[in-house]
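Beneath this line is the structure, given in structure tokens, with notes to follow.
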Amino acid sequence: MTLEGIHHVTAITADAPRNVDFYTRVLGLRLVKKTVNQDDPTIYHLFYADERGSPGSDITFFEYPGARRGRAGAGMVHRISWRLASEDALDFWQQRLRAEGVPLSRIAGLLRFSDPDGLGLELAVVENTDEPLIADHPEIPMELALQGFDGVRAFSSEPSASRDFLERVLGFMPASDTGYECRGRERGSRYAYDPARDTGIGGAGTVHHVAWASPIDELERWRQLVLDAGASPTPVIDRYYFRSVYFREPSGVLFELATLGPGFTADEPLDSLGEQLSLPPSFEHLRRRLEGDMAPLPSSRTEQRGRPRA
């Protein structure tokens, strides 16, 4: 069995309308699912991805309105990296982000910046044979667009403690003393550690978990492998759009194993993904109350891209 790289990364935002504006209008991703946190259905769970809502391109956010800004520390992902195709793409994004007033730094094939909540982001020129996962956007030529995740970086006070688990149990391949590649038959992603300097504080601008992609018929076996290795995985949880198992790897980072399917078209046509509030059947009885209580968001791709930045 092999995991197919990153499935999705989930983070926290304090302002859903501002979040939608940044990830759709500025970064050019598609809002592919507007739903609720299934563990706390009073808050939004927003999913942004490529045109098809593909695993490997999907960054998601729980909205806690007005939440204080957090700080990544030991056992937390602190940077998310997307692939770009060329230095020309890097030039484009440097100009685009500067025009939006986003502070950034450029080093050897990388652009680093933060989203409006302070979440660390990176665009990297990467050569590989993985299929580019691209969203349509009228201002961003396809050859310059984000192409899916390259990887994530986490803080750890003792990264060597995770080595055996990552390599022997999850099948990650070492790429450096503190870096790994998770590669399956179709896709791969990077996972790396940086030294932890502070204790983390959860809140806006922090990553909640990183999910790795499993074929749907292998999830139970992955869960058993994790359990046999001494971790404490949850039971398989049906999230309607995929099935999930959660556990912490030895450095403390919350991992999820999420299945490649059923996918976001389980309750919406591909052409109109993300345009309405989607609720799994077990939450449908809450629709009237939720639609009355939750902040309005752009309801079409045109509105998403045209909204002025907060």
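The values are calculated or read from the model by the stated rules, or taken from the named source; none is laboratory data. All figures in this text were calculated on a predicted structure; none of them were measured in a lab. All Cβ positions, even for glycine, are placed from backbone atoms using ideal geometry, and neighbour counts span all protein chains on display.
For the reader, a short list of remarks on this structure follows.
- Test: P250 is modelled with pLDDT of 95 or more, crowded, with 17+ Cβ neighbours inside 10 Å, over 29 Å from E122 (Cβ atoms) and touching a helix residue (DSSP H, G or I) at 6+ places or on another chain (Cβ under 6 Å): no
- Long-range neighbours under 8 Å by Cβ, at least six apart or interchain, first residue closer than 7 Å to T13 by Cα within region 60-71, second surrounded by 16 or more Cβ atoms within 10 Å (Cβ to Cβ) and acidic (D, E): E63/D15
- All of (1) surrounded by fewer than 18 Cβ atoms within 10 Å (Cβ to Cβ); (2) over 18 Å from L297 (Cα atoms) hold for P65 with one exception: (2).
- Members of region 84-101 found to be in contact (Cβ under 8 Å) with a residue 24 or more places away in the chain, out of contact with any helix residue (DSSP H, G or I) (no Cβ under 8 Å at 6 or more places or on another chain) and among the aliphatic types (A, V, I, L, M), listed by number: L90
- Scanning region 4-55 for residues that are part of a strand (DSSP E or B), over 14 Å from the mean Cα position of the chain (by Cα) and either under 18 Å from D267 (Cβ atoms) or of a type in the set (K, R) (or both) turns up K34, T35, V36, N37, P41, Y44.
- When residues of region 190-209 are limited to those that are touching an Asp or Glu at 6+ places or on another chain (Cβ under 7 Å) and closer than 22 Å to F247 by Cβ, the one surrounded by the most Cβ atoms within 10 Å (Cβ to Cβ): R190
- Counting only residues that are in contact with a Ser or Thr (Cβ under 9 Å, 6 or more places away or on another chain) and not polar (S, T, N, Q), region 222-238 holds 6 of them.
- Verdict on D117 being out of contact with any Phe, Trp or Tyr (no Cβ under 7 Å at 6 or more places or on another chain), in contact (Cβ under 8 Å) with a residue 12 or more places away in the chain and under 15 Å from L146 (Cα atoms): no
- Members of region 147-195 found to be among the hydrophobic types (A, V, I, L, M, F, W, C) and farther than 18 Å from R248 by Cα, listed by number: F149, M173, A175
- Answer from G252, G274, G230 - the residue that is without any contact (Cβ under 8 Å) to a residue 12 or more places away in the chain and part of a loop (DSSP other than H, G, I, E, B): G230
- Within region 133-163, restricting attention to residues that are of a type outside the set (S, T, N, Q) and free of Cβ contacts under 8 Å to residues at least 60 places away in the same chain, the residue that is farthest from L27 (Cα to Cα) is R163.
- Of the residues screened, D39 is not one that is closer than 18 Å to A211 by Cβ and buried (at least 24 other Cβ atoms within 10 Å of the Cβ).
- Residues (surrounded by fewer than 20 Cβ atoms within 10 Å (Cβ to Cβ) and small (G, A, S)) located in region 210-239: A229, G230, A231, S232
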